[in-house]
Structures are given as C-alpha cells and as structure tokens.
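What follows is one structure encoded as structure tokens, with my remarks underneath.
The values are calculated or read from the model by the stated rules, or taken from the named source; none is laboratory data. Since this is a predicted model, take the numbers as computed values, not measurements. Note that we place each Cβ from the backbone using ideal geometry, even for glycine, and neighbour counts take in every protein chain shown.
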Amino acid sequence: MEADEEMRSFFSEIADEMVTRCGIDRAEAVARLNESWGPLTFEPYPDLVCHESTEYWAYRLYYDDVLSWDEQADRSEWEVRPLPPADSPAWTLLRSA
C-alpha cells in the first residue's frame with residue numbers, strides 16, 4: 001500500500017487485531033488488508049480511515065457484515081469474507097503450517 005510509516009503501523013495494528021480477535025494467522029490478516037486496501041493511496045497519518053478503531057477495521061475486513069459491536073457477541077455463525085485467491089498478489093507472507 002502506498003502510505004507513510006505511521007499509516008503502515010496503523011495497518012499492522014489492524015492485522016494484529018484480526019490475528020487476536022478472528023483467530024487467523026498473520027499471513028491471512030495481511031492478505032485481507034492487501035486485497036481490500038492494496039490498490040489505494042492513503043494520506044499521511046492520520047488518514048480518514050483512522051477515525052475508526054483498529055478493532056472496527058479488523059471485523060469489517062474479516063466478516064461480510066458486522067452484526068453486533070458487543071464484545072460478547074456470538075460470532076460463530078457470522079459469514080466470513082472469502083480469502084483472496086491463492087495466486088493473488090495480496091499474499092505477501094507465508095502462511096503458518
């Protein structure tokens with residue numbers, strides 16, 4: 001993504017949230033970010049996307065619809081967005097075994 005170092009740090013925090021909250025590996029989290037936002041250019045930190053929390057973006061990038069923002073919400077039946085295709089350039093990190 002075309003972004004300054006502080007924005008890249010913000011994106012890294014979103015990936016951390018996806019790993020923690022969604023139980024995915026870092027490679028998948030980064031691929032989801034790259035697929036959604038890779039073609040975009042961001043303003044220097046704080047870009048407009050920074051008005052929402054890293055938790056917000058983690059859920060928005062992982063699930064099709066965020067049905068509740070309650071910390072205790074049962075997310076077991078929420079629809080997960082499809083992974084980027086295996087041959088997509090969004091995959092920039094190796095997946096965990």
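Among the numbered conditions (1) within 15 Å of the chain's Cα centre (by Cα); (2) in contact (Cβ under 8 Å) with a residue 60 or more places away in the chain; (3) over 18 Å from Met1 (Cα atoms), the only one that Ser96 does not meet is (1).
Which is closer than 25 Å to Pro89 by Cβ, within 15 Å of the chain's Cα centre (by Cα) and in contact (Cβ under 8 Å) with a residue 40 or more places away in the chain, of Ala3, Ala27? Spell out how you get there, then give the answer.
Details: Ala3 fails: within 15 Å of the chain's Cα centre (by Cα).
Testing whether each residue is closer than 25 Å to Pro89 by Cβ, within 15 Å of the chain's Cα centre (by Cα) and in contact (Cβ under 8 Å) with a residue 40 or more places away in the chain leaves just Ala27.
So which residues in the range 1-21 are aliphatic (A, V, I, L, M) and at pLDDT below 95, if there are any at all?
Applying the first criterion (aliphatic (A, V, I, L, M)) to the range 1-21 yields 1, 3, 7, 14-15, 18-19.
Once the filter is applied, which keeps residues that are aliphatic (A, V, I, L, M) and at pLDDT below 95, the range 1-21 yields Met1, Ala3.
Those residues that are surrounded by fewer than 16 Cβ atoms within 10 Å (Cβ to Cβ) and either of a type in the set (A, V, I, L, M, F, W, C) or under 17 Å from Val19 (Cβ atoms) (or both), I need them from the range 37-67; list them, please. Answer for the range 37-67, where residues must be surrounded by fewer than 16 Cβ atoms within 10 Å (Cβ to Cβ) and either of a type in the set (A, V, I, L, M, F, W, C) or under 17 Å from Val19 (Cβ atoms) (or both): Leu40, Leu48, Cys50, Ser53, Tyr56, Arg60, Tyr63, Val66, Leu67.
Under the condition of being loosely packed, with under 13 Cβ neighbours inside 10 Å and within 20 Å of Trp78 (Cα to Cα), the residues counted in the range 1-36 number 2.
Taking every residue in the range 7-19 that is under 17 Å from Ser96 (Cα atoms) and pairing it with any residue that is surrounded by 15 or more Cβ atoms within 10 Å (Cβ to Cβ) and basic (Lys, Arg), at least 6 positions away or on another chain, the pairs with Cβ-Cβ distances below 7 Å are Ala15/Arg26; Met18/Arg32; Val19/Arg26. Among the residues making up the range 47-97, those that are basic (Lys, Arg) and under 16 Å from Ser36 (Cα atoms) are Arg60, Arg81. Report yes if some residue within the range 58-68 is in contact with a Cys (Cβ under 6 Å, 6 or more places away or on another chain), free of Cβ contacts under 8 Å to residues at least 60 places away in the same chain and among the aromatic types (Phe, Trp, Tyr); otherwise report no. Yes, there is a match, as at least one residue in the range 58-68 is in contact with a Cys (Cβ under 6 Å, 6 or more places away or on another chain), free of Cβ contacts under 8 Å to residues at least 60 places away in the same chain and among the aromatic types (Phe, Trp, Tyr).
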